[in-house]
Amino acid sequence: MRMVDVIDTKRNNQALSDEQIDFFIDGCTDGSIPDYQTSALLMAIWLNGMNQREMQRLTMDMLHSGDELDLSDIDGIKVDKHSTGGVGDKTSIPLAPLVASLGIVVPMISGRGLGHTGGTLDKLEAIPGFQVEIDEDAFKQQLRDVGCIIAGATGNIAPADKKIYALRDVTDTVDSIPLIAGSIMSKKIASGTDALVMDVKTGSGAFMKSEEQAAELARTLVDIGKGVGMNAMAVISDMNQPLGKAIGNALEIQESIELLKGNGPADLEELVLTIGSQMVVMAGKADTLDEARELLKAQIANGEALDTFQRMIEAQGGDGNVINDYTLLPQAKYHVPLTAKHAGVITGMKADELGVASMMLGGGRAAKEDELDYAVGLVLDKKVGDHVDEGERILTIHTDRPDVDDVIELLESNITIGDAEDVPSMPLIHRIIE
């Protein structure tokens with residue numbers, strides 16, 4: 001078989017055979033297919049898509065290209081959650097210990113951020129001493145001892161995906177539904193998960209800008225999961241404005257802790273409870289979503305969710321004292337307010353551009369090798385629909401450089417103030433894909 005013939009098949013909008021997909025993934029794994037041919041096929045897939053059989057085969061080949069984590073010797077249904085990423089999306093951080101505090105096993109394999117979408121692992125590394133690289137034995141032991149873990153992929157999981165993803169990033173093929181689905185699901189299946197809730201974002205700060213695009217991706221992910229016997233469902237949630245009030249690594253850790261203390265922002269709490277309720281029902285700990293929500297709210301109120309988070313931090317080498325002493329987290333040197341130039345109502349906050357502003361401060365990566373400044377970011381005082389007076393603070397810029405005129409200019413260009421009737425409808429939960 002020749003790679004040029006595989007490219008030709010997809011370029012001409014024909015379905016790849018199982019043998020062609022096997023050949024492609026084997027070649028990515030062993031390095032026998034050069035990057036330029038892989039890139040050509042990725043663009044052909046981006047242009048012409050894949051059918052359900054092709055996506056299923058691609059996913060399973062990527063899965064079998066490396067190690068698979070066997071969690072069958074750990075009692076209980078293993079439930080995970082995955083987000084397609086967004087600005088201020090720290091949902092996984094309070095969610096994992098909250099669900100685990102009910103005796104549910106939550107093995108959460110997470111990633112790092114690139115660009116304006118912050119990575120869960122990067123945020124957790126803002127906690128002094130916190131380790132995200134965990135070997136398989138320690139991974140399993142922590143699940144037995146604590147009930148949850150948030151870590152990077154153990155061993156050599158889906159090496160073909162690592163090669164393909166690196167090329168997708170530089171060939172402008174990241175937003176391909178077959179490639180996104182194969183990347184996500186190969187790693188989740190390889191990680192030993194029994195049940196999975198996917199949070200698919202839609203809006204200005206998401207890969208899927210329209211709700212229909214997000215729904216198509218969500219249905220694809222769910223179908224692939226169910227096709228391999230996994231209990232899978234998806235929530236489509238809004239990313240037209242940042243989630244919560246904090247954008248930035250240490251700032252989002254503090255907001256996550258505040259949520260587990262019962263003081264979280266309403267939108268973040270609602271999303272955590274919505275996804276968490278699905279996870280609790282999937283794990284068989286509640287019969288209905290309403291019952292599951294009440295169980296989760298009780299775990300926040302009685303402090304058990306917060307206690308589980310502290311135990312998770314300490315099990316992964318972190319300083320558990322951050323729970324009650326935020327000064328142990330990295331602190332920015334300067335706090336610069338952004339104020340309203342006139343009175344009115346906030347009618348827009350472009351999530352992606354606010355994410356870029358945080359990245360410009362050092363809170364995100366423009367390239368994989370960039371080092372992060374864990375202290376910097378933004379804290380919002382106002383969100384879409386809130387009234388603001390002239391001179392009133394809209395947000396605070398946390399920065400380690402005194403001159404942030406470039407950041408202020410970007411923010412002022414992407415936060416709009418108008419009349420109440422101009423506020424768009426932005427439901428947090430757009431739909432559920434069963």
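The values are calculated or read from the model by the stated rules, or taken from the named source; none is laboratory data. Since this is a predicted model, take the numbers as computed values, not measurements. A quick note on method: Cβ atoms are made from the backbone with ideal geometry, for glycine too, and the neighbour counts reach across all protein chains shown. Only protein heavy atoms, including side chains, enter the accessible area calculation; ligands, DNA and RNA are left aside. Shrake-Rupley method; radii C 1.70, N 1.55, O 1.52, S 1.80 Å.
Below, the figures for the structure above:
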item	result
Per-pair calculated FRET efficiency, R0 = 22 Å: LEU328 and ASP400 via Cβ, rounded to 0.05	0.80
Angle between the chain longest axis and helix 52-64 axis [Cα atoms, degrees, rounded to 10]	90 degrees
Per DSSP, loop GluC sites (Glu not before Pro) in the range 113-203 with at most 11 further Cβ within 10 Å	GLU133
Estimated FRET transfer efficiency when R0 is 25 angstrom, pair GLU133-GLU19 (beta carbons, to 0.05)	0.10
Contour minus Cα-Cα distance for ARG431 and SER413 (0.36 nm per residue)	3.4 nm
Dipole magnitude of the range 330-418, debye to nearest 20 (Cβ charges: Lys/Arg +1, Asp/Glu -1, about Cα centre)	240 debye
Accessible area expressed per residue, the range 35-107, with surrounding protein chains retained (probe 1.4 Å, Å²)	33 Å²
Whole-angstrom gap from the range 135-149 to the range 283-302, using each part's C-alpha centre	23 Å
Separation in nanometres of the label points that stand 7 Å from Cα toward Cβ, at VAL423 and GLU270	1.2 nm
Rounded to 5, percent antiparallel among DSSP beta bridges of the chain	55 percent
Sequence ranges 73-84, 314-325, ranked by mean other-Cβ count within 10 angstrom, highest first	73-84, 314-325
Accessible surface of the range 3-49, 1.4 Å probe, proportion on carbon and sulfur as whole %	49 percent
D_trans [Stokes-Einstein, Kirkwood Rh over alpha-carbon pairs] for the chain, 4 °C, 1.567 mPa s, µm² s⁻¹	58 µm²/s
Cα centroid separation - the range 202-256 against the range 413-434, whole Å	16 Å
ASP70/ASP287 FRET efficiency (R0 25 Å; Cβ-Cβ; nearest 0.05)	0.25
MET1, MET360, reordered so the largest accessible area comes first (probe 1.4 Å)	MET1, MET360
The range 394-434 - accessible surface per residue (Å², probe 1.4 Å)	54 Å²
